[in-house]
Amino acid sequence: MRDWFKVPVSIRVSVNEICLGAREPMTTAIVRGIDNPVFKDAEPSSLWLKALDQSIAGALASVRQPAVESEFPRIRELEVVFSDVLCRLWLTPPPVNATEPGDCVAASVLRFESLFGLRADRWRIVADLDANRPFLSAALPRALVDCVCAALMSNGVRPASIRPAFVGTWSRARREMSAGDWLAVVAPHSVTVARAGPLNWWSSGQSPDLVRILPRPEVSALSAGVGGGSGWLAQAIRLEALRQDLPVPQRVLLCGEQLPGAAKASAAKTSAAKTSDDLMRFERLQKVEP
């Protein structure tokens, strides 16, 4: 999970839209609305998957038009990135006396079923296996992955890599973080937060010791928030820290879409963003290669 194929173009799938364009920075070629999925047992509905298939075909057809084809010459492979709200993220404690990678894989599957009460065979589970400490694991609905791969392959495009959005962001952020720092990845429907654990000598960066996908407040709630629009984010992080019996973070790296106004301004100035606990400061995540 640490090293992903570096491809020039990515397709990003969220609950109600897709984006197709160049990675870092994103050059959007098309955004097609998709009806909200009706999930049964945490799996997407067949109607939503059909709409997704049609939107992907439409996006690929659009970038092959003469007016924009020069920006996306002969797309043969894509990086597929899924919004965190469509995924499951968790930490798996390594099994005692693990002797082979399969032991950690089995532990990750059992942890998934225990935490979410879902059938593992209906999900695609990957993990950054580590026999010495809790490791990051992620799952995507298998029906969703199969739908996207089939839509791409039918249009002559190979999926070079498939991952949740958070995984790539963490790969970049981990080298900028110190133990106890938090990362907040803001998306339209959710906020994924993670805390950096202690650095070990065999690692090139921090590993998370906490990861959570939190719901993002509705627009009406945001407009009533404190702190110039960033109070909800500071409060969500503070409550999660208290829930896990952890100290309130002093440094939070920000990344993602539609960042809270005050937090965004604070990050741009790299100065303290005062919250009610008067400790937390926000910083914008700088672009670094994974």
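Values as computed for the structure displayed
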{"read-out": "When the convex hull of its Cα atoms is projected in every direction, mean area for the range 88-137 (nm²)", "value": "3.1 nm²"}
{"read-out": "Ascending count of other beta-carbon atoms within 10 Å, so fewest first, for Thr169, Thr192", "value": "Thr169, Thr192"}
{"read-out": "Residue-span extension gain [Leu199 to Arg158] - 0.36 nm each, minus C-alpha spacing", "value": "11.1 nm"}
{"read-out": "At R0 = 35 Å, FRET efficiency that the Cβ-Cβ distance of Arg142 and Ser178 yields, to 0.05", "value": "0.40"}
{"read-out": "Difference of contour (0.36 nm per residue) and Cα-Cα distance, Ser46 to Leu118", "value": "24.1 nm"}
{"read-out": "Ordering of 82-88, 98-104 by packing [mean C-beta count within 10 Å, highest first]", "value": "82-88, 98-104"}
{"read-out": "HN-Hα J in Hz across the range 162-174 - Karplus 6.51, -1.76, 1.60, θ = phi - 60°, x for Gly and Pro", "value": "9, 7, x, 4, 4, 4, x, 5, 5, 4, 7, 6, 4"}
{"read-out": "Additional length obtainable on full extension of the chain from Ala131 to Ala106, 0.36 nm per residue less Cα span", "value": "7.8 nm"}
{"read-out": "For the range 243-248, 3J(HN,Hα) per residue [Karplus equation, 6.51 cos²θ - 1.76 cosθ + 1.60, θ = phi - 60°, Hz, x = Gly/Pro]", "value": "5, 9, 6, 10, x, 5"}
{"read-out": "Exposure proxy order (Cβ contacts within 10 Å, fewest to most) of Leu183, Leu239, Leu152", "value": "Leu239, Leu152, Leu183"}
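Only the coordinates and a few stated rules stand behind these numbers; no lab work does. A quick note: this is a predicted structure, and the numbers were derived from the prediction, not measured. Glycine also receives a Cβ, built like all others from the backbone with ideal geometry; neighbour counts cover every protein chain displayed.
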